[in-house]
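Nothing in this text is a laboratory measurement; each read-out follows from the coordinates by a stated rule. Please read these numbers as outputs of a predicted model, since none were measured by experiment. Note: ideal-geometry Cβ built from the backbone for every residue, glycine included; neighbour counts use all protein chains shown.
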Amino acid sequence: MSEGLSRRHVLRRLGGALAGAVSLTAARAAKAAVQKGLASADAPKGYDPSQHKWLMAIDVERCIGCGSCVEACKAENHVPDSPVYFRTWIERYLVLKPKLGAGETRGEVIVDSPNGGMRKGGLKDFKPVPKEEILRGFYVPKLCNLCEQSPCSQVCPVGATFDTPDGAVLVDSKYCIGCGFCIQACPYGCRFMNPVTRTAEKCTLCYHRITRGLKPACVEVCPGEARIFGDLKNIAPDDPIQRFFETRKAQPLKPHLGTKPRVQYAGLDMEVR
Amino acid sequence: MRIPPQLFRLLLLTIGIVGSYLVARYFLTPPSFGQYGWYRADALVEARGARQLSYAGRKACDECHSEETQKLAKFEHKTVSCEACHGVGQAHADDPGVAITKPTDGLCIRCHEADPARPTWLRQIQPKSHYTGRHCVECHVPHQPNEVP
């Protein structure tokens, strides 16, 4: 019998293997115990993100600037009341007449959005401009542009913000460390730091509503049907989003940045940024 | 070849650091991480259950108030949802005893106040000179804007 296969040797090897197996099972059990605390226990089932692709489109010519959407968004999502926090807001654009003899097509452009355009005090909220000086004006609703190449999720150092398979861009507030990189990265200014939770916050497309078959709050209350919402993977024959793309010429905001924003705007003027 | 002791210690230290990182990663990575991408898939589930509804949606109103919703659908205000004027309705839908906010003149003015930035298809008035001192509903029916009360 050679030395390598002595009884002592074999026993020692067997013992080692057994100890290894025991510690592996112990490690697996410990991992399972630790991860039980990391998984969400009360997960409501019955929604498969891969079966949907949500999209919002904006018809600028239908927007009357009433501010209902801004108010509804704040109410639905408990956005802090202070006039600096908005998940969606409305901007008023006023294109002034060019100076006499300037030989230009348009003059100065005035953009303002007092209190997110919520219009609590009516027209008085906005900067007063004499009617004779105005060439034309319009309102533009703004929200998360749902970029395909979202800069906000690219800069997040902890993987707390991400593009979901169903087309939303969400923030995992349990992972967010509140560094604010994403707020700087968003070229549309769609994010803010929640002063209470100290995490980044943004439009979620009312994720808690759309996954229950309801429209986002802003779409629900929009009186002019300026906001159109739909599921591109489940288009009904008379779907408003289908109708929008059939009848309107649409484009995204700031396409030159390469973020591939998915939100489409119809009736957009060259002044809109 | 003998490894110099200082290099050997450095190697041990490196193995220790990398090893403890790997152990921590093995235990602490959430099970749903990486299901859809470089994030926690459970965050989607949490986002779905994150909030209670405030707005019930037009369908919920239609369940009890179908007479009003059908009437509304025939007139110019057909694109206006119930909750745009009547306010958040989920609490009322859950318990009809909970009253909804009473609409006021301010709501009419919110949309119909004359404003140079508004599209011309929208009917607008000057609140300062348009029958001041009277309520909108004295002359207009909100659910049937084309008719006279």
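Descriptive notes on the structure:
- Spread over its residues, the convex hull of the C-alpha atoms of the range A:145-197 is 78 Å³ per residue.
- Between the listed residues A:105, A:70, A:161, the Cα displaced farthest toward the positive end of the dipole of chain A, a dipole computed from Cβ unit charges relative to the Cα centre, is found at A:161.
- Farthest positive-ward along the range B:9-76 dipole, Cα basis, beta-carbon charges - from B:32, B:66, B:53: B:32
- Ordering of A:126-134, A:248-256 by burial proxy (mean other Cβ atoms within 10 Å per residue, highest first): A:248-256, A:126-134
- Unsatisfied cross-links (Cα-Cα over 32 Å) in the set A:74/A:254; A:124/A:254; A:99/A:260; A:124/B:71: A:99/A:260; A:124/B:71
- Shielding by partners, peptide B:134-145 (average Cβ within 10 angstrom, other chains): 0
- For chain B, the Cβ-based charge dipole about the Cα centre amounts to some 980 debye (Lys, Arg positive; Asp, Glu negative; other atoms uncharged).
- For the range A:153-245, taking Cα atoms only, Rg and Dmax work out to 15.3, 45 Å respectively.
- Kirkwood radius and radius of gyration were both taken over the C-alpha atoms of the range A:88-185, and their ratio Rg/Rh is 1.16.
- Relative contact order of the range A:207-273, defined on C-alpha pairs under 8 angstrom at six or more residues apart (%): 18 percent
- Peptide-level mean, for A:55-66, of C-beta atoms on other protein chains within 10 Å: 3
- For chain A, the convex hull spanned by the alpha carbon atoms encloses 213 Å³ per residue.
- For chain A, calculated [θ]222 nm from helices alone, where every DSSP H run of n ≥ 4 adds -39500 (n - 2.57): -7000 deg cm²/dmol
- Using the Cα coordinates of the range A:31-142, the gyration tensor eigenvalues translate into equivalent-ellipsoid semi-axes of 44, 17, 13 Å, sorted from longest to shortest.
- Ratio of the Cα radius of gyration of the range A:120-162 to 2.2 N^0.38 Å, where N counts its residues: 2.05
- Relative contact order (%) - the range B:1-141, alpha-carbon pairs under 8 angstrom, separation at least six: 13 percent
- The mean number of partner chain beta-carbon atoms within 10 angstrom of a residue's beta-carbon across peptide B:107-114 is 5.
- Relative contact order %, chain A, counting alpha carbon pairs below 8 Å whose residues are six or more apart: 24 percent
- Chain A: most fluctuating residue of A:189, A:180, A:122 per GNM, C-alpha cutoff 10 Å: A:122
- Of the residues A:121, B:137, A:143, the one whose Cα sits farthest towards the positive end of the charge dipole of the protein assembly as shown is A:143 (charges of +1 on Lys and Arg Cβ, -1 on Asp and Glu Cβ, taken about the Cα centre).
- In straight-distance terms, cross-link reach from residue B:74 covers every one of the aspartates and glutamates whose alpha-carbon lies under 20 Å from its own, apart from those fewer than eight places away in the same chain; here that gives A:220, A:225, A:238, A:239, B:62, B:63, B:83, B:147.
- Helix-only CD estimate at 222 nm, as mean residue ellipticity for chain B, using -39500 (n - 2.57) per DSSP H run (n ≥ 4): -12000 deg cm²/dmol
- Rounded FRET efficiency, nearest 0.05, which uses the C-beta distance separating residue B:18 from residue A:39 and R0 of 35 Å: 0.85
- Net charge of neighbours whose Cβ lies under 14 Å from the Cβ of residue A:217, counting Lys and Arg as +1 and Asp and Glu as -1: +4
- Over all pairs of different C-alpha atoms in the range B:34-149, the reciprocal of the mean inverse distance, the Kirkwood hydrodynamic radius, equals 17.3 Å.
- Simple Cβ-charge dipole of the range A:128-273, Lys/Arg +1 and Asp/Glu -1, about Cα centre, in debye nearest 20: 220 debye
- Using the Cβ of residue A:69 as centre and a radius below 15 Å, the other residues enclosed give a net charge of +4, where K and R count +1 and D and E count -1.
- Overall, the protein assembly as shown carries a charge dipole of about 1960 debye about its Cα centre when +1 sits on the Cβ of Lys and Arg and -1 on the Cβ of Asp and Glu, all other atoms neutral.
- In the range A:128-248, lysine pairs closer than 30 Å at Cα, eight or more apart or cross-chain: 11
- The range B:90-129: radius of gyration and largest Cα-Cα distance (Dmax), Å: 15.5, 42
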